[in-house]
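Just below is one structure, and these are the notes that go with it.
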Amino acid sequence: MDSVSPRLTAHRGCWGRHLENTLGAVADAIEAGVDYVEIDVRLTADGQVVVLHDPTLERLWNVERAITGLAWEVVSEIRVPAAAGEQRIPLLREVLELFADLETGGPKLLIDMDHAAVAEPAHRVVEESGVSVAWCGFLAGMQTIRGLDSQAEIWLPWNEPGLPPQQLLESLAPAVVNSNHYVLSTGDVASIRALGYRVSVWTLDDPGSIIWARNAGVDCITTNNISLARDILDDHESPRDLLREALEVARDLAKFAISYTSRADLGEVRTKANAADLVTEVDIAIERVVRRVIGERFPDHNFVGEEFGGSAGADRPCWYLDPVDGTTNLANGIPWNSFSLALVIDGAPMVGVVADPWRGEIFEALHGAGAFLNGIELKLGKPTNLGGDSLAGSVVSTELAGHLPWQGFYPFLTLLGESACTLRVMGSGTLTVTGVAAGRGAGAVIHSFGPVDHLAGVLISREAGAKVLDEDGNDNLFPAEGGVLVAHPEVADELYRIWRQAVSEK
């Protein structure tokens, strides 16, 4: 295949003035002259095919009901205000009518689904309309479409590292391999295209990712920001905001880690330093993907990872990764582990992202720009413990020194108890220090700071308003040695005093 500028797919239509997946959003996308307009389809209780992304109507339509529990007669009457006037949920049939009279070569409708049950009814509606469409989404749904139509344009959903199996490619006969953009390497893109398939990636909304896709030879880009993507692809130049771009990439990698950790086979569980120090195939696979993505997006940066090491340098930005912090928990079926990724520039942590795969939570922070949990800003308020501005009635967390207590652990436990404060040891240092940002406990003490485990978490908690102290009581997000304390400002001094007293007593 020849290398050309990527085509553009409007994700759920162009929805600046309109709500996503509405007739207005689709019409605007057609007017914008994109190559594909992607929409999502679902079934109502009476089997009507509607255009809707979420399984419920809560996020956009202010109705706390599942679409499968509502008849079309009810759904058709739901209205909400938007910039372009009242909006409603359309039928697939209505969206197809917008494409019926388009000239050859105009935008094509791309129908996405996340469940196989909608495939056959949606195909029936399309067949009745006579409009040529493309299909993407849930693999079982694509297999249903292929069984109904040997000529259908199918986009194979592929979100695993590496290439799709040849058997799958042959049985589904897709026109396009459609992947989340962090899954495929530049080499993967070239290999897939060499096999005769086009490559599409989603969802790219920042300059760095769009530039990468263009340079990698991707055939199609799905985006929420058509004008940005078009400007970059036309001009071949775009100013880069390094920190914002780094945060976008780190957030996407956290999403990948959530998906992969929560569904992947652990494979062989092996030991590292000792019989209690475990590593799984999940740790290895995630780190490989993250290293590859960071290496392609930021080739002049250093990288240090839990599984494959690396080295930092004062003259270059450096990324720190723990793909699975809490591997022992993961290997033993305890859903308490996390993903941690941080970027350090000139010795200062600037970007931090932590993901909890079992709760679907992504914590993130950009230096000086605040901390967020799933997009909602985190700000520490008044302590919720019974003691108010003391530790009484609160919870403090710590971690073991591997599988053993650290020196001062038992006095620390005792002194906290004497202050009517309870100690918790959960098994993930990343979540221990990050949890303070969300008010989950009054504070945390880590006996030995490690940047791959703790750097992202301490930045997030600091940006949420927590106090961070090293062993000497200094405000320090990146101690060169020793431990670190993260706590609500109103109890930080008391917790620091107890920590240092405990260490001195041993």
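The values are calculated or read from the model by the stated rules, or taken from the named source; none is laboratory data. Just so you know, these numbers come straight off a predicted model, no measurement behind them. Reconstructed Cβ throughout: ideal geometry from the backbone, glycine too, with neighbour counts over all protein chains shown.
So Pro383 clears everything in (1) crowded, with 21+ Cβ neighbours inside 10 Å; (2) modelled with pLDDT of 95 or more; (3) not acidic (Asp, Glu) except one condition, right? Which one?
(2)
Go through segment 184-238 and tell me which helices (runs of 4 or more DSSP H), entirely inside it, have 1 or more residues that are within 22 Å of Glu170 (Cβ to Cβ) and not assigned by TED's automatic domain parsing to the domain that holds Lys255.
186-194
Tell me yes or no: at least one residue of segment 362-374 is of a type in the set (Phe, Trp, Tyr), assigned by TED's automatic domain parsing to the domain that holds Glu494 and under 28 Å from Lys255 (Cα atoms).
Of the residues in segment 362-374, the ones of a type in the set (Phe, Trp, Tyr) are 363, 372.
With assigned by TED's automatic domain parsing to the domain that holds Glu494 added as a condition, the list becomes none.
The answer is no, given that none of the residues of segment 362-374 is of a type in the set (Phe, Trp, Tyr), assigned by TED's automatic domain parsing to the domain that holds Glu494 and under 28 Å from Lys255 (Cα atoms).
Let me spell it out: the conditions are (1) in contact with a Leu (Cβ under 9 Å, 6 or more places away or on another chain); (2) surrounded by 13 or more Cβ atoms within 10 Å (Cβ to Cβ), and Ala348 meets all of them except one. Which number is the exception?
The single condition Ala348 does not satisfy is (2).
Write out, first by first residue and then by second, each pair whose Cβ atoms fall under 6 Å of each other, whose residues are 6+ apart or on separate chains, and whose first residue, in segment 278-293, is under 10 Å from Glu306 (Cβ atoms) while the second is aliphatic (A, V, I, L, M) and not in a helix (DSSP H, G or I).
Listed by first residue and then by second, the contacts come to Asp283/Val324.
For segment 130-149, does any single residue satisfy the condition of being in the same structural domain as Asn225 (by TED's automatic domain parsing) and touching a Ser or Thr at 6+ places or on another chain (Cβ under 7 Å)?
Checked segment 130-149: no residue is in the same structural domain as Asn225 (by TED's automatic domain parsing) and touching a Ser or Thr at 6+ places or on another chain (Cβ under 7 Å).
Check off (1) among the aliphatic types (A, V, I, L, M); (2) within 20 Å of Gly137 (Cα to Cα); (3) free of Cβ contacts under 8 Å to residues at least 12 places away in the same chain for Leu110 and give me the number that stays unchecked.
(3)
Can you find a residue that is part of a strand (DSSP E or B), free of Cβ contacts under 8 Å to residues at least 60 places away in the same chain and closer than 25 Å to Pro357 by Cα anywhere in segment 254-271?
There is at least one residue in segment 254-271 that is part of a strand (DSSP E or B), free of Cβ contacts under 8 Å to residues at least 60 places away in the same chain and closer than 25 Å to Pro357 by Cα.
Restricting to segment 448-506, count the residues that are over 28 Å from Glu418 (Cβ atoms), under 27 Å from the mean Cα position of the chain (by Cα) and in a loop (DSSP other than H, G, I, E, B).
Residues meeting the conditions: 4.
Does segment 53-66 include one or more residues that are at pLDDT 95 or above, of a type in the set (Val, Ile, Thr) and surrounded by fewer than 21 Cβ atoms within 10 Å (Cβ to Cβ)?
Within segment 53-66 (the criterion being at pLDDT 95 or above, of a type in the set (Val, Ile, Thr) and surrounded by fewer than 21 Cβ atoms within 10 Å (Cβ to Cβ)), the answer is yes, since at least one residue qualifies.
Within segment 14-41, count every residue that is surrounded by 24 or more Cβ atoms within 10 Å (Cβ to Cβ) and over 30 Å from Ser191 (Cα atoms).
Matching residues across segment 14-41 total 7.
Identify all residues within segment 67-93 that are surrounded by 13 or more Cβ atoms within 10 Å (Cβ to Cβ), among the hydrophobic types (A, V, I, L, M, F, W, C) and more than 21 Å from Val26 (Cα to Cα); write none if there are none.
If the condition is that a residue be surrounded by 13 or more Cβ atoms within 10 Å (Cβ to Cβ), among the hydrophobic types (A, V, I, L, M, F, W, C) and more than 21 Å from Val26 (Cα to Cα), then Leu70, Val74 are the ones that fit.
So, in segment 393-412, how many residues would count as being free of Cβ contacts under 8 Å to residues at least 40 places away in the same chain and buried (at least 17 other Cβ atoms within 10 Å of the Cβ)?
0
Checking the condition more than 29 Å from Gly305 (Cα to Cα) and either buried (at least 19 other Cβ atoms within 10 Å of the Cβ) or out of contact with any strand residue (DSSP E or B) (no Cβ under 6 Å at 6 or more places or on another chain) (or both), which residue from Leu469, Leu415, Leu485, Leu477 passes? Full working, then the answer.
Values: Leu469 fails: more than 29 Å from Gly305 (Cα to Cα); Leu485 fails: more than 29 Å from Gly305 (Cα to Cα); Leu477 fails: more than 29 Å from Gly305 (Cα to Cα).
It is Leu415.
If you scan segment 307-320, which residues turn out to be of a type in the set (A, V, I, L, M, F, W, C) and either under 13 Å from Gly295 (Cα atoms) or not assigned by TED's automatic domain parsing to the domain that holds Trp358 (or both)?
Let us first name the residues in segment 307-320 that are of a type in the set (A, V, I, L, M, F, W, C), namely 308, 312, 314, 318-319.
The answer is Cys318, Trp319.
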